[in-house]
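Written out below as structure tokens is the structure these notes cover.
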Amino acid sequence: MGEADEVTARIGELRRRIDEVDCEVVKLLNERAQLALDIRELKPRVRMALYDPKREEEIFEHLSSCNAGPLYDDNLREIYEAVLHVMKEL
């Protein structure tokens, strides 16, 4: 097997692993969405506002503390701004 074949095979392996990770990300996003819906259902019972900008900032700070790279904190914030936007629309 030549180097090109080995590299092509390795790319295929890495892509299969990316597909697996993507499925896990989808599973976790759906789990997160369900938890957000559960919280949304409870908030009116204690007269809490549905939207809490302070909580959003706490989420971004928490993500930053969890981040070991290679993504930058700004990248994670961008991603999670989109995630939180979608969660609010549920």
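Going by what's in this entry, would His85 be described as surrounded by 10 or more Cβ atoms within 10 Å (Cβ to Cβ), out of contact with any Ser or Thr (no Cβ under 7 Å at 6 or more places or on another chain) and in a helix (DSSP H, G or I)? Give the derivation first.
Working: surrounded by 10 or more Cβ atoms within 10 Å (Cβ to Cβ): no; out of contact with any Ser or Thr (no Cβ under 7 Å at 6 or more places or on another chain): yes; in a helix (DSSP H, G or I): yes.
No, not satisfied.
Each row is one residue, and each column tells you yes or no for (1) in the same structural domain as Val83 (by TED's automatic domain parsing); (2) at negative phi; (3) aliphatic (A, V, I, L, M); (4) assigned to a helix (DSSP H, G or I).
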site	(1), (2), (3), (4)
Asp5	no, yes, no, yes
Ala9	no, yes, yes, yes
Gly12	no, yes, no, yes
Val26	no, yes, yes, yes
Asn30	no, yes, no, yes
Ala36	no, yes, yes, yes
Ile39	no, yes, yes, yes
Arg55	yes, yes, no, yes
Ile59	yes, yes, yes, yes
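The values are calculated or read from the model by the stated rules, or taken from the named source; none is laboratory data. Bear in mind that the values here come from a model prediction, so they are computed numbers and not experimental data. Ideal geometry is used to build each Cβ from the backbone, glycine not excepted, and the neighbour counts take in all protein chains shown.
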